[in-house]
1. Failed condition for B:Val46, given (1) open to solvent by 30 Å² or more (accessible area, probe 1.4 Å); (2) touching a residue at least 40 places away in the same chain (Cβ under 8 Å), with all others met?
2. Filter the range A:84-108 for residues that are exposed (fewer than 11 other Cβ atoms within 10 Å of the Cβ) and β-branched (Val, Ile, Thr) and give the result.
3. Restricting to the range A:157-184, what's the tally of residues that are within 13 Å of chain B (Cβ to nearest Cβ) and in contact (Cβ under 8 Å) with a residue 24 or more places away in the chain?
4. Filter the range A:269-300 down to residues that are small (Gly, Ala, Ser) and farther than 22 Å from A:Ser218 by Cα and give me whichever is farthest from the other protein chains (Cβ to nearest Cβ).
5. Of all residues in the range A:25-67, count the ones that are within 14 Å of the chain's Cα centre (by Cα) and either among the small types (Gly, Ala, Ser) or at pLDDT below 95 (or both).
6. Scan (1) in a helix (DSSP H, G or I); (2) away from every other protein chain (no Cβ under 13 Å) for the single condition B:Phe244 breaks and write down its number.
7. I want to confirm something. Restricting to the range B:232-250 and keeping residues that are more than 11 Å from the chain's Cα centre (by Cα) and buried (at least 24 other Cβ atoms within 10 Å of the Cβ), which single residue is modelled with the lowest pLDDT?
8. For the range A:204-215, name all the residues that are in a strand (DSSP E or B) and surrounded by 20 or more Cβ atoms within 10 Å (Cβ to Cβ).
Number of protein chains: 2
Amino acid sequence: MHPTLIVGSVAFDTLHIGGECHSKVLGGAATYASIAATHFGPVQLVGVVGHDFPDTATRLLRDRGADLAGLELADGETFHWEGRYSEDLSSRETLRTDLNVFADFRPKIPASFKATPYVMLGNIDPVLQLQVLDQIAQPKLVLADTMNLWIDIRRPELVELCKRVDLLVLNDEEARQLTGELNLVRAAKALHALGPRTVIIKKGEHGALLLQGEDVFSLPGLPLSSVADPTGAGDTFAGALMGFIAPANDLSAPSLRKAVVYGSVLASFCVEGISTSRIASVTPSEVHARFEHFKRLTSF
Amino acid sequence: MHPTLIVGSVAFDTLHIGGECHSKVLGGAATYASIAATHFGPVQLVGVVGHDFPDTATRLLRDRGADLAGLELADGETFHWEGRYSEDLSSRETLRTDLNVFADFRPKIPASFKATPYVMLGNIDPVLQLQVLDQIAQPKLVLADTMNLWIDIRRPELVELCKRVDLLVLNDEEARQLTGELNLVRAAKALHALGPRTVIIKKGEHGALLLQGEDVFSLPGLPLSSVADPTGAGDTFAGALMGFIAPANDLSAPSLRKAVVYGSVLASFCVEGISTSRIASVTPSEVHARFEHFKRLTSF
């Protein structure tokens with residue numbers, strides 16, 4: 001079974017949400033993505049943590065099937081982000097960002113990971129994402145996530161990266177920002193032109209769009225009666241999506257559609273718990289039941 | 001074949017959109033809804049126009065299968081609305097509203113319409129919507145549309161109306177405004193509690209939600225590469241939805257899901273043309289092809 005190589009941030013988050021403060025809970029794009037991907041197959045995690053990263057967290061990741069040979073232990077403290085959500089959870093403000101050991105992160109892919117064909121480049125500096133690709137022998141499918149910050153300050157490197165990416169994942173605002181196209185269909189066309197043959201546009205509660213040329217798949221979000229914490233939902237989506245594709249080893253359009261649904265299944269669980277609590281505890285039968293729930297939700 | 005009775009505004013719109021001005025084009029909720037519904041079966045239209053309402057418009061409606069026995073010709077000018085859309089078409093401002101003959105509109109249901117079981121109450125004052133229901137012998141399915149204005153100034157009458165409505169159609173903002181619930185699932189529960197056993201929440205480009213207790217159907221919007229004019233899309237959606245249900249005479253959950261898809265099919269055509277131009281000219285095979293397009297868009 002092919003593992004999924006996941007590169008990105010491993011962090012602590014301090015979350016002010018729903019009138020409560022959750023101090024230094026587990027966070028980071030690679031953490032969410034890895035936990036989500038382990039629901040489908042093995043994961044190889046590449047990231048960096050400091051001496052304060054707890055054994056309980058490494059044990060959680062290892063027990064779920066993540067190979068931590070690429071999780072560097074650096075001298076210093078783990079990346080820490082602190083943010084406050086608005087009452088309706090539709091927006092958040094950053095209160096504090098301590099990059100700590102993440103400031104000098106230069107991803108080193110262990111020899112045992114270099115032949116892995118399925119690579120997820122979590123949302124980090126495109127310069128680092130390119131360095132990761134330079135270390136992979138022959139990737140079969142490369143997924144890259146990004147964010148508004150890199151579109152602002154690393155546009156040339158991001159455009160360079162796009163030439164080497166098969167599957168670009170970004171949200172609707174980022175798609176508009178990167179292409180200058182307000183219309184999402186035209187934005188996706190412009191993104192295809194940059195390189196990625198597959199573009200996935202995340203629309204938060206409104207679901208996700210999968211675009212491969214003329215073939216378009218649209219999945220609505222699962223209507224949830226309560227949301228505990230939206231943090232990491234996008235990373236969880238991308239991680240589960242790649243996690244589903246790698247062991248299936250199937251890049252057909254129907255397989256990618258299913259991958260988007262499984263991404264949305266795990267993302268819907270993600271927001272039901274604080275931090276990674278729900279995606280770390282959800283059972284295979286709950287995952288299956290929610291996939292069927294998406295079927296009922298959308299079929300006519 | 002059961003006709004659909006549609007009550008609402010018939011109007012002229014002056015639209016400032018995409019750098020152009022379209023002066024006194026055909027508009028009004030009942031106009032859009034009626035044209036959309038005639039794609040599926042006969043329509044009985046109840047509304048009011050002035051002496052300036054052109055024969056070309058009445059002929060268009062009649063030729064499409066709308067019975068205009070309930071279209072009152074009053075002494076004065078036809079309702080006229082003028083508005084300007086933002087560049088990305090996501091919002092609009094009202095420049096002018098001349099109610100004209102619509103100011104004194106008291107819907108009179110012709111005797112030949114009083115036994116019609118399928119009734120669509122377009123977005124007008126809830127006081128008038130209640131007066132319409134008082135004139136219908138034994139409605140089998142009543143759909144009501146509404147808007148923020150009535151939630152603001154006619155809340156008691158709207159709540160009264162809800163007790164007599166089977167299918168309430170409103171947009172996400174209105175659902176939140178009427179119930180005070182930010183979360184749409186909880187808002188829909190609160191709307192059910194007001195009376196309607198079926199609630200449809202329109203989300204514009206993000207599609208529509210159909211909620212019947214625990215049964216939820218979500219249809220994404222059709223990604224369109226260009227939009228000419230969003231005016232009347234919501235009325236078109238509701239009109240096509242009722243227009244599909246009436247001749248099918250089938251209120252089952254699968255039938256209602258299909259009705260939502262056909263509503264979205266016609267709404268997607270609506271925005272492709274200025275005013276009613278596209279929904280008045282689209283062919284049955286185009287409608288069928290777009291239904292299949294929604295199937296491809298959403299299936300996995």
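1. Status for B:Val46: all satisfied but (1).
2. Residue satisfying the conditions is A:Thr94 alone.
3. Here the count works out to 4.
4. A:Ala280
5. 9
6. Here B:Phe244 meets the rest and fails (2).
7. Filtering the range B:232-250 for residues that are more than 11 Å from the chain's Cα centre (by Cα) and buried (at least 24 other Cβ atoms within 10 Å of the Cβ), the one modelled with the lowest pLDDT comes out as B:Ala246.
8. A:Ala208, A:Leu209, A:Leu210, A:Leu211
The values are calculated or read from the model by the stated rules, or taken from the named source; none is laboratory data. What you see is a predicted model, and the numbers here were worked out from it, not measured in a lab. We place every Cβ from the backbone using ideal geometry, glycine too, and count neighbours over all the protein chains shown. Each accessible area value is taken on the protein alone, full model and side chains, heavy atoms only, with ligands, DNA and RNA left out. Shrake-Rupley method; radii C 1.70, N 1.55, O 1.52, S 1.80 Å.
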